[in-house]
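So the structure is just underneath, and the comments pick up after that.
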There are 2 protein chains.
Amino acid sequence: MTSTHKVTFDNAAPVEVPTGATLTEAAALAGIVLNQPCGGQGRCGRCVVKVQQGEIRRRSTLRLSEGDIGQGYALACQAVVEGDVSIHVPPQEKLERRLVTDLTASSVAIPDGYCYAEHQTVQRIPLRIDPPSMEDQTDDWSRLQRSLRQTAGIDKISISLPMLRKIGQILRDGDWEVTAIVEKSQSRETDSARLLDLFPIHFPKEKPLWGVAIDIGTTTVSVWLTNLITGQVLAQTAEYNQQIQHGEDVISRIIYDSKEHNEGVLQKLVIETINKLIERACQRAKAKPEEIYKAVVVGNSIMLHLLLNIPAATIRTSPFINVFNESQHILARELDLTLHPEAPVEVLPTVASYVGADITAGALSSGIADTEKTTLFLDVGTNGEMVLGNKDWMVTCACSAGPAFEGAGVVDGMRATKGAIEEVWINADTYEPNIRVIGGGKPRGLCGSGLIALLAELFLAGVVDKSGNINTTLNTPRVRTGAHEGEYVVAFAAETSHGKDIVITHVDIDNLLRAKAAIFAGYVVLAEGVGVPLNTLEQVLIGGSFGQYINVEKAIEIGLLPDLPWENFHFLGNTAVRGAYYALLNWQSKQRVNEIAGKMTYIELSADNAFYDAFMSALFLPHTDLSLFPTVVKLKEQNQQG
Amino acid sequence: MTSTHKVTFDNAAPVEVPTGATLTEAAALAGIVLNQPCGGQGRCGRCVVKVQQGEIRRRSTLRLSEGDIGQGYALACQAVVEGDVSIHVPPQEKLERRLVTDLTASSVAIPDGYCYAEHQTVQRIPLRIDPPSMEDQTDDWSRLQRSLRQTAGIDKISISLPMLRKIGQILRDGDWEVTAIVEKSQSRETDSARLLDLFPIHFPKEKPLWGVAIDIGTTTVSVWLTNLITGQVLAQTAEYNQQIQHGEDVISRIIYDSKEHNEGVLQKLVIETINKLIERACQRAKAKPEEIYKAVVVGNSIMLHLLLNIPAATIRTSPFINVFNESQHILARELDLTLHPEAPVEVLPTVASYVGADITAGALSSGIADTEKTTLFLDVGTNGEMVLGNKDWMVTCACSAGPAFEGAGVVDGMRATKGAIEEVWINADTYEPNIRVIGGGKPRGLCGSGLIALLAELFLAGVVDKSGNINTTLNTPRVRTGAHEGEYVVAFAAETSHGKDIVITHVDIDNLLRAKAAIFAGYVVLAEGVGVPLNTLEQVLIGGSFGQYINVEKAIEIGLLPDLPWENFHFLGNTAVRGAYYALLNWQSKQRVNEIAGKMTYIELSADNAFYDAFMSALFLPHTDLSLFPTVVKLKEQNQQG
């Protein structure tokens, strides 16, 4: 009996693992990243693999039928290696990469009045310094400070020890004509500054001075590489957060991070992700990472804790406490970011455990914090957060909607990538669907916008009733009773890329209803809390990846968005990274985000009976209280007549 | 022909070195530290060793007679190994260690009005914090800040990333009863503070809160371990600066440090010295180095540059420029000091290349900066620095006196350690000396106070004339013409511990005259510069190791000190470390040192014709202008009559 075993994945080079290792661990050694939305707890069933030769021990068979087991299927995270094995990884289970497309730089307009030298904390200052002499023996650092005072009005400046070691040589190499990179203070009250670097040359004025805005989403990380002088964004890159291999939602990430041997692993992964994105952006803009002198970072509280490698365990359990909410000023070298080592990394403030800097920054960039209109700002990504208010007041909450709209918790759910059904129309007479697939070709699943559209259409066509039950008595092969009670077949095996039916089941619909009910109940609680009826909302601003492709009409039809005129809805894209970008350009914007964070009143929903009531009432299509959805009632009537 | 050779030093284990290595390098490998006052340049002759077997190649024979060479003597730094050799190291050339005795703690009185909690920047604050709940979800860091605000009035406090990682656990481990160690800001203008550490317990009130005052002398490093709460010094330790093996004076150290492969070596050595002294002090006071939360450091400019590993090369050559003069606030972890890693290390300000923080701190502790009396403050250690002034004005200069008074540059000179002649009286009739030897026993050389006394006595006895010439016509075997012109034998071979004559030569006397003339010319230039006649000085304060044992009468007789009543002279011991100790106890004292540094007018002597004239006039015993030394004239007359 040997203590190590050979594991071979498809065509990859075999790896050796000890008895007791899981296939997930073996896959990692082989360089294969398996999808693990649940963080390797054997709950989600996404890491299923097929054992082709040899035997493994299944710690759990949850999510596997006897037939699956008979055919050799196993959950990699629950599969214990006890001998040599050969494993097949089904293609659709590999983590898709590079699905989030980089945007072109021209897509960001420089905001009016945002980019002036006096608003920028990082400045490049050419200096001509009087050389020392027997008549003026002033020390190098005082001489440099004197020149900065005379040239740039900087009265008080600090210097790090590594810089103090270098300045003597640089001043002389440049024959006392040098360029200082300086970070001025964040506020007008203090006049202190910091020397970031010194160069023995003068640069051409046109040379950009680089900064980056970074949004760390649970799913996607985005970077905007910006010229701090002109305000122009010269490259935008985005990429899956590499942490995703250890859990798709924040809770799974916290659980992973809290395990003894995992300390620092998630930090390393997100920093690798950011560094990769920076490298790609730099290649595009002909910049060098070490020439980036400032970063502003946003993300939800958990992402920010993990970025700084701060234990996040207390966020997970009642009373849900962050270690920090305040904005942080850190140096790139403290985080192994590939920026200039002295570059300030500004982490914007969070409000509560589930209302992060993505929301405070989004409140700035969406405009809710500056408008007179009563506004709902929604950011539904992997989590659902929302802000109700205007320039005078804001209330905020987060609801554990779950990732159903990202395709998780749904049998044939998937992310909005190639092969996903993103749009569905159903003929109310024949019940036949008409679908649009991302990238064209045959479908292999349903993404969020497809699920919303499908649910709305099924409801309007009468396939699904207001409780979400599928009418299995209809005269169509599309409706049938499957493993999970009633189901509707969106695409039959012959029409799909993987040769299996794509269905939506009663259980899927229940999950979607719970997700939409949680979000709807969120606004109801906020609105009732401040006495603002939902139908008086003057605008709804939607940020985050969720909002970018959904159809407002369909979302209203299922009761996910409130029943308002379509022109009241505005899709803003990634409001989080845009807020970071504003703070990158302008110190007043950064202060503004701090003010916004201080101004927001956080409502904790998990302790709120009103939320539970609102949630229960919203578990219907479109809602128990039809008076909230007059246009949907009208549409339903028309459909039934037509 | 092999490329490595075996070198054996006395009874040490043989070492292997490649062809071309020097005996100094081989000795270092063998763990033997050779004296190298000149930094291994072959100039001082102090690293002489005897080749017992084998042959070495002498790069230079400076300082060696043909007889010496015949007997196998060689300068280790100039001796190139080209074959196996066996070497004898004469005992007196090994670097004496532990000669500087640690003082007892009781020897420092706590200065009046210096030690109050409100003057101390580092404080230990016990906290009882309201635990979080669903009603109060404030994050950990804000909660801690709130408690510090309520308990200690601290409005604004920063935290390092490593601390931010720890607080969540500590707060919960202590069940929300914790102790914060906080560094308050240095001034009243800003109210910012820094969290140094947090503990999950409350400490007994009597437990000391430790700090250290550190004086880095070119020769000796001193540490005072202090309880910041009571102000009591609980241990004082002192030790040779380990850098001494690479040069006895600052210039040799700069030369060594500037060589390509030596970067960081001297920093490492001084930090090792400090850490060793801290460890010894902690053992004595039952403290732990990591419980020391604050350090204040003084030293001359070169010592401070080397401590921070900042290139000091520009200090050495005209126009003699420091990289920094300003006080620096560094963290212990940036320097590998064994204090608490977050402990602030305050480096006090310097004034110019050769007027360091030892002088600015000394100006504080000596009292010159607070007195109405016209005062001369003298600190003659390895260098000679001085300040003239009072509470309203101060001028300062440094003179390159050279280390003659520390025994260097004098044939039988040595440091003030066991075996050194420290006092001499000469019978004006017989010319026979009467000597006192440190530690009793037979002498082996002359230390500074012995040299001063000897020169004064030789002058008064008429053995030496006012120009320093030895009268070789006198009828005594003590006076003779040796290798270096005239010489006087202080002790014959039979009376000495090493069996060789101890002499003072004409060349030695020239060196001593130049050293004393440089110092005297220093005050003359300062005094003339501000129009204060020397005989109007109301007090002379003498700090540094030099002053501790010399005889004022003798020093006046040779024209080293001005001719004032003896009661005007006050020997203060190590004014530098005492100034650091004051700054350690009291933030106002630290500010005061900064003000003093800003107030001092530095006079650069090397560019000053007045200095050259004053120096030339002072190259006599006691001086060309005898009206400056009326009591010496009188004494000389009495002696000749007697």
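General remarks:
- Flag for A:VAL345 being buried (at least 24 other Cβ atoms within 10 Å of the Cβ) and either touching a helix residue (DSSP H, G or I) at 6+ places or on another chain (Cβ under 8 Å) or within 28 Å of A:LEU225 (Cα to Cα) (or both): no
- For region B:99-125, the set of residues classified as at pLDDT 90 or above and either of a type in the set (A, V, I, L, M) or farther than 20 Å from B:ALA343 by Cβ (or both) consists of B:VAL122, B:ILE125, listed by residue number.
- Subset of region B:313-322 that is within 7 Å of another protein chain (Cβ to nearest Cβ) and in a loop (DSSP other than H, G, I, E, B) - its residue that is surrounded by the most Cβ atoms within 10 Å (Cβ to Cβ): B:ASN322
- Selection of first residues in region A:550-577 that are surrounded by fewer than 24 Cβ atoms within 10 Å (Cβ to Cβ) and of second residues that are part of a loop (DSSP other than H, G, I, E, B) and among the charged types (D, E, K, R), restricted to Cβ pairs under 6 Å at least 6 apart or on distinct chains, gives the following pairs, ordered by first then second residue: A:ILE556/A:ASP563.
- Residues of region B:197-207 that turn out to be within 14 Å of chain A (Cβ to nearest Cβ) and either at pLDDT below 95 or over 18 Å from A:PHE324 (Cα atoms) (or both), as a count: 0
The rows are residues; the columns are (1) away from chain B (no Cβ under 12 Å); (2) in a loop (DSSP other than H, G, I, E, B); (3) of a type in the set (Asp, Glu); (4) surrounded by 22 or more Cβ atoms within 10 Å (Cβ to Cβ).
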| residue | (1), (2), (3), (4) |
| --- | --- |
| A:PRO311 | no, yes, no, no |
| A:PHE324 | no, yes, no, yes |
| A:HIS329 | no, no, no, no |
| A:THR338 | yes, yes, no, no |
| A:THR350 | no, yes, no, yes |
| A:ALA361 | yes, no, no, yes |
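- Taking the criterion of being at the interface with another protein chain (Cβ under 8 Å from one of its Cβ atoms) and touching a residue at least 12 places away in the same chain (Cβ under 8 Å), the residues of region A:133-158 that qualify are A:ASP140, A:TRP141.
- Within region A:366-452, strands (runs of 3 or more DSSP E) holding 2 or more residues that are crowded, with 24+ Cβ neighbours inside 10 Å: A:375-380, A:384-389, A:394-399, A:420-426
- Some residue of region A:275-297 being out of contact with any strand residue (DSSP E or B) (no Cβ under 8 Å at 6 or more places or on another chain), more than 13 Å from chain B (Cβ to nearest Cβ) and either surrounded by 23 or more Cβ atoms within 10 Å (Cβ to Cβ) or assigned to a loop (DSSP other than H, G, I, E, B) (or both): yes
- Scanning region A:298-309 for residues that are outside any helix (DSSP H, G or I), within 14 Å of chain B (Cβ to nearest Cβ) and of a type in the set (A, V, I, L, M, F, W, C) turns up just one, A:LEU308.
- Test: residue in region A:286-308 that is more than 21 Å from the chain's Cα centre (by Cα) and among the polar types (S, T, N, Q): no
- A:GLY522, sole failed condition from (1) in contact (Cβ under 8 Å) with a residue 24 or more places away in the chain; (2) over 25 Å from A:ILE216 (Cα atoms): (2)
- Members of region B:597-627 found to be part of a helix (DSSP H, G or I) and not aliphatic (A, V, I, L, M), listed by number: B:GLY598, B:LYS599, B:SER606, B:ASN609, B:PHE611, B:TYR612, B:ASP613, B:PHE615, B:SER617, B:SER627
- Subset of region B:552-567 that is in contact with a Leu (Cβ under 7 Å, 6 or more places away or on another chain) and closer than 15 Å to B:ASP379 by Cα - its residue that is modelled with the lowest pLDDT: B:VAL552
- Residue selected from region A:570-586 under the condition in contact with a helix residue (DSSP H, G or I) (Cβ under 6 Å, 6 or more places away or on another chain) and among the hydrophobic types (A, V, I, L, M, F, W, C), by the criterion farthest from the other protein chains (Cβ to nearest Cβ): A:PHE571
- Options A:ALA295, A:ALA313; residue that is within 23 Å of A:HIS340 (Cα to Cα), in contact with a helix residue (DSSP H, G or I) (Cβ under 9 Å, 6 or more places away or on another chain) and of a type in the set (Gly, Ala, Ser): A:ALA295
- Contacts under 6 angstrom Cβ, first residue in region B:465-487 being more than 21 Å from B:LYS636 (Cβ to Cβ), partner of a type in the set (Ser, Thr, Tyr) and in a loop (DSSP other than H, G, I, E, B), 6 or more apart: B:THR481/B:THR472
- Residue in region A:159-171 that is nearest to the other protein chains (Cβ to nearest Cβ), counting only those that are closer than 17 Å to A:ASP130 by Cα and either touching a helix residue (DSSP H, G or I) at 6+ places or on another chain (Cβ under 7 Å) or among the hydrophobic types (A, V, I, L, M, F, W, C) (or both): A:GLY168
- Against the list (1) within 19 Å of the chain's Cα centre (by Cα); (2) without any contact (Cβ under 8 Å) to a residue 24 or more places away in the chain, the condition B:GLU272 fails is (2).
- Lone qualifier among B:SER353, B:SER366, B:SER318 - being more than 26 Å from A:LEU144 (Cβ to Cβ) and in contact (Cβ under 8 Å) with a residue 24 or more places away in the chain: B:SER366
- Screening the candidates B:ALA180, B:ALA213 for the property of being over 18 Å from B:ILE278 (Cβ atoms), touching a strand residue (DSSP E or B) at 6+ places or on another chain (Cβ under 8 Å) and of a type in the set (A, V, I, L, M) yields one hit, B:ALA180.
- For region A:176-196, the count of residues that are at positive phi and within 14 Å of another protein chain (Cβ to nearest Cβ) is at least one.
The values are calculated or read from the model by the stated rules, or taken from the named source; none is laboratory data. Quick caveat: nothing in here was measured; it's all calculated off a predicted structure. Please note: Cβ atoms are built from the backbone with ideal geometry, for glycine as well, and neighbour counts cover all protein chains shown.
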